[in-house]
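Participant: The structure under discussion is supplied below as structure tokens; questions concerning it will follow.
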Amino acid sequence: MDKTTPYPQINALECKSCGRCVDACPKKCLEIGNELNVRGYRPVVYKGEGCIGCASCFYTCPEPYALEIHIPKK
């Protein structure tokens, strides 16, 4: 993953697989993962590119600590 561009950081333990962030992403760079977390959910994963740092995913996520957006300093 290129850390010189914006990217989401997903806390797999807190993600409940609701899919709101996936639907909200204008660039469609998030998807529901295939692996279960310890709570039995399939956490969202970043596809590895395409994030523009808009934070739509962050603002639609109902879990307080499940998702962060990292925007590198210029």
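Participant: Among the residues of region 54-74, how many are in a loop (DSSP other than H, G, I, E, B) and either within 17 Å of Val22 (Cβ to Cβ) or under 10 Å from the mean Cα position of the chain (by Cα) (or both)?
Facilitator: Of the residues in that region, 6 qualify.
Participant: Any idea how many residues of region 5-56 are of a type outside the set (Val, Ile, Thr), touching a Gly at 6+ places or on another chain (Cβ under 6 Å) and closer than 24 Å to Pro72 by Cβ? Full working, then the answer.
Facilitator: Step one: of region 5-56, the residues of a type outside the set (Val, Ile, Thr) are 6-9, 11-21, 23-31, 33-37, 39-43, 46-51, 53-56.
Now drop any that are not touching a Gly at 6+ places or on another chain (Cβ under 6 Å), which leaves 6, 27, 29, 42-43.
Keeping just the survivors that are closer than 24 Å to Pro72 by Cβ gives 6, 27, 29, 43.
Here the count works out to 4.
Participant: Here's another thing I want to ask about it. Could you list, in sequence order, all residues of region 30-55 that are of a type outside the set (A, V, I, L, M) and either in contact with a strand residue (DSSP E or B) (Cβ under 7 Å, 6 or more places away or on another chain) or within 16 Å of Thr5 (Cβ to Cβ) (or both)? If you could, list the steps in order and put the result at the bottom.
Facilitator: Step one: list which residues in region 30-55 are of a type outside the set (A, V, I, L, M), which gives 31, 33-35, 37, 39-43, 46-51, 53-54.
Of everything in region 30-55, those that are of a type outside the set (A, V, I, L, M) and either in contact with a strand residue (DSSP E or B) (Cβ under 7 Å, 6 or more places away or on another chain) or within 16 Å of Thr5 (Cβ to Cβ) (or both) turn out to be Glu31, Gly33, Arg42, Pro43, Tyr46, Lys47, Gly48, Glu49, Gly50, Cys51, Gly53, Cys54.
Participant: Could I ask something else about it? Show the residue pairs meeting these rules: Cβ distance below 9 Å; 6+ apart or different chains; first residue within region 47-72 and within 16 Å of Ile32 (Cα to Cα); second residue of a type in the set (Lys, Arg) and surrounded by 14 or more Cβ atoms within 10 Å (Cβ to Cβ).
Facilitator: From region 47-72, the pairs are Cys57/Arg20; Thr60/Arg20; Cys61/Arg20; Pro62/Lys16; Pro62/Arg20; Glu63/Lys16; Ala66/Lys16.
Participant: With Tyr59, Tyr41 as the choices, which residue is in contact with a Cys (Cβ under 7 Å, 6 or more places away or on another chain) and not β-branched (Val, Ile, Thr)? Give the steps one after another, and end with the answer.
Facilitator: On the way: Tyr59 fails: in contact with a Cys (Cβ under 7 Å, 6 or more places away or on another chain).
Just a single option satisfies the conditions, and that option is Tyr41.
Participant: In addition: Please determine, by comparing only the residues of region 1-37 that are part of a helix (DSSP H, G or I) and not small (Gly, Ala, Ser), which one is surrounded by the most Cβ atoms within 10 Å (Cβ to Cβ). Write out each step before concluding.
Facilitator: At the first step, the residues of region 1-37 found to be part of a helix (DSSP H, G or I) are 20-24.
Add one more test, that the residue is not small (Gly, Ala, Ser), and what stays is 20-23.
Details: Arg20: 18, Cys21: 24, Val22: 17, Asp23: 12.
The qualifying residue surrounded by the most Cβ atoms within 10 Å (Cβ to Cβ) is Cys21.
Participant: Among what's in region 38-49 and is modelled with pLDDT of 95 or more and of a type outside the set (Lys, Arg), pick the residue that is surrounded by the most Cβ atoms within 10 Å (Cβ to Cβ).
Facilitator: So, considering only residues that are modelled with pLDDT of 95 or more and of a type outside the set (Lys, Arg), the one surrounded by the most Cβ atoms within 10 Å (Cβ to Cβ) is Val44.
The values are calculated or read from the model by the stated rules, or taken from the named source; none is laboratory data. Treat the numbers as computed from the prediction; the structure is a model and nothing was measured. Here Cβ is always computed from backbone atoms with ideal geometry, including for glycine, and neighbour counts include all displayed protein chains.
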